[in-house]
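Shown next, in C-alpha cells, is the structure this report addresses.
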C-alpha cells in the first residue's frame, strides 16, 4: 500500500455541527495524496454518523478510530491518531476549523523544498462563528489573495539560544493546526500531546528544541473558528476552574521537565532549561491569575494541598519555591531603593 504524503489527524468530540465543513475543506484540496484519521473521544452526539456519511467521498482514505473512554482533552485522541498515521508529514486539525483549497499543496511543497521537519505558518484567518459560511470564507480568500500567496519561507537558525529568544519574544505561533510536521520528528523525539490546556505550546517548544529544519512561512492556510462555546470558553466554578488549570500546569510542567532533562544540552546548560521552564510556567500561570480575585486564599490552599499531594511534584515545587524567593528579593531591593530616594 502506498504511503500517503500527508496524514490529516482530527480529534473529534461532539462536533456534529462543524466536522462536515472541516472534511469538505479537505476534500477540496488541490493536493490529493493524503489520508484522514479521525479519532472520536466518545462523542455523545451524531458526530461519528456525520463522519461515516463522508466515507464514500474519500475513496478509502478516511479512517475512524475511537478512544475507550472520554479523555476530556484533544491530546489523547490526537496521540492515537499520530500512532495510527502512515504519512510522511502530519497535519493535526481542530474539528471545527477548515483549510484553504491549496493548503496541503503549499505546505508540502515547502516541506520538500527544504527537507523540513516542520513548516509553520505565521498567520491565519480568525472567523467569528456567527459569520462562518462557505461564501464568507471564499470572500476572505478572494480579498486576501495577494497577501496569502507571497510564500516567503525562512529557515530559522538551529542555535537553541536563538530559538529560545524567538519563543520569549513571541515570534512563533503555537497551534499545531498551523504546522505541517514530519511524522518521524514526533516519533523519534518522543514528542506527545500532553493532557494540558496549552498542549500546543508544549509540543511546539519540544519541536523547536529538537528538530534541525524548522521553516516559517507567510502562507495563510487556516480558517480558525472563533466560538464562544469552545472548550476554552466553558464556564466553571472558581474552584473547578482553578483545579483544571492548575492540573494542566502540573502535568505539563512534569512532562516538559523530563523532556528537557533527557537532552544533553540542557543538562550542560541549566540556564537554558530554567528559561524554557519559565516560559511554559508563565504561559500556564496566566490562566490561574484570573481566578485569584474570585476565590478565597483558604479555598486555594486546600486545592493546592490536594493537587500537590497527587504524585511527585518535585520539579514544580522547586521551581515555584525559587521563583517565590526571587520575587521576594526583587521586592526587597525595590523597597530599599525607594527608601533611599
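The values are calculated or read from the model by the stated rules, or taken from the named source; none is laboratory data. For clarity, every value in this text was computed on a predicted model and none was experimentally measured. For neighbour counting, all protein chains shown are included, and Cβ atoms are generated from backbone atoms with ideal geometry for every residue, glycine included.
Please enumerate the residues belonging to segment 3-17 that are surrounded by fewer than 19 Cβ atoms within 10 Å (Cβ to Cβ) and over 17 Å from residue 182 (Cα atoms).
Residues satisfying the conditions are 14, 16, 17.
Restricting to segment 301-316, name every residue that is in a helix (DSSP H, G or I) and over 13 Å from residue 246 (Cβ atoms).
Passing the criteria: 314, 315.
Tell me, which helices (runs of 4 or more DSSP H) wholly within segment 98-191 include 2 or more residues that are touching a helix residue (DSSP H, G or I) at 6+ places or on another chain (Cβ under 9 Å)?
103-114, 134-143, 160-168, 183-188
Have a look at 282, 254 and point out the one that is part of a helix (DSSP H, G or I), touching a residue at least 40 places away in the same chain (Cβ under 8 Å) and within 20 Å of the chain's Cα centre (by Cα).
The conditions single out 254.
Would segment 72-87 turn up any residue that is over 30 Å from residue 170 (Cβ atoms) and out of contact with any strand residue (DSSP E or B) (no Cβ under 7 Å at 6 or more places or on another chain)?
yes
If I go through segment 304-318 residue by residue, how many of them are out of contact with any helix residue (DSSP H, G or I) (no Cβ under 6 Å at 6 or more places or on another chain) and either farther than 26 Å from residue 167 by Cα or buried (at least 16 other Cβ atoms within 10 Å of the Cβ) (or both)?
Taking segment 304-318 as the starting set, the residues that turn out to be out of contact with any helix residue (DSSP H, G or I) (no Cβ under 6 Å at 6 or more places or on another chain) are 304-306, 308-314, 317-318.
Imposing the further condition that a residue be either farther than 26 Å from residue 167 by Cα or buried (at least 16 other Cβ atoms within 10 Å of the Cβ) (or both) reduces the set to 304-306, 308-313.
So the count comes out to 9.
When the residues of segment 18-50 are narrowed to those that are surrounded by 16 or more Cβ atoms within 10 Å (Cβ to Cβ) and over 24 Å from residue 102 (Cβ atoms), which ends up farthest from the chain's Cα centre (by Cα)?
Among those residues, the one meeting the criterion is 50.
So which pairs qualify, if the first residue must be in segment 322-334 and closer than 16 Å to residue 281 by Cα, the second must be surrounded by 10 or more Cβ atoms within 10 Å (Cβ to Cβ) and at pLDDT 80 or above, the Cβ gap must be under 9 Å, and the two must be at least 6 apart or on different chains?
322/274; 323/278; 323/281
I'd like to know if segment 272-287 contains one or more residues that are exposed (fewer than 13 other Cβ atoms within 10 Å of the Cβ) and closer than 21 Å to residue 166 by Cβ. Steps first, please.
Of all residues in segment 272-287, those exposed (fewer than 13 other Cβ atoms within 10 Å of the Cβ) come to 282, 286.
Pick out the ones that are also closer than 21 Å to residue 166 by Cβ and you get 282, 286.
For segment 272-287, residues exposed (fewer than 13 other Cβ atoms within 10 Å of the Cβ) and closer than 21 Å to residue 166 by Cβ: present.
Tell me, yes or no, whether segment 291-306 has at least one residue that is closer than 18 Å to residue 198 by Cα, at pLDDT below 80 and out of contact with any strand residue (DSSP E or B) (no Cβ under 7 Å at 6 or more places or on another chain).
yes
Determine which member of the set 216, 206 is under 14 Å from the mean Cα position of the chain (by Cα) and outside the structural domain of residue 260 (by TED's automatic domain parsing).
Among 216, 206, only 206 is under 14 Å from the mean Cα position of the chain (by Cα) and outside the structural domain of residue 260 (by TED's automatic domain parsing).
Could you check, for segment 229-243, whether at least one of its residues is within 30 Å of residue 263 (Cα to Cα) and in contact with a helix residue (DSSP H, G or I) (Cβ under 7 Å, 6 or more places away or on another chain)? Outline the logic, then answer.
We begin by selecting, within segment 229-243, every residue within 30 Å of residue 263 (Cα to Cα); these are none.
Within segment 229-243, not a single residue is within 30 Å of residue 263 (Cα to Cα) and in contact with a helix residue (DSSP H, G or I) (Cβ under 7 Å, 6 or more places away or on another chain).
Being more than 20 Å from the chain's Cα centre (by Cα) and free of Cβ contacts under 8 Å to residues at least 60 places away in the same chain narrows it down to one residue among 101, 157; which is it?
So the residue among 101, 157 that is more than 20 Å from the chain's Cα centre (by Cα) and free of Cβ contacts under 8 Å to residues at least 60 places away in the same chain is 157.
Please indicate, with yes or no, whether at least one residue in segment 89-96 is in contact with a strand residue (DSSP E or B) (Cβ under 8 Å, 6 or more places away or on another chain) and more than 13 Å from residue 9 (Cβ to Cβ).
So in segment 89-96, the residues in contact with a strand residue (DSSP E or B) (Cβ under 8 Å, 6 or more places away or on another chain) come out as 89-96.
Then drop every residue that is not more than 13 Å from residue 9 (Cβ to Cβ), which leaves 96.
For segment 89-96, residues in contact with a strand residue (DSSP E or B) (Cβ under 8 Å, 6 or more places away or on another chain) and more than 13 Å from residue 9 (Cβ to Cβ): present.
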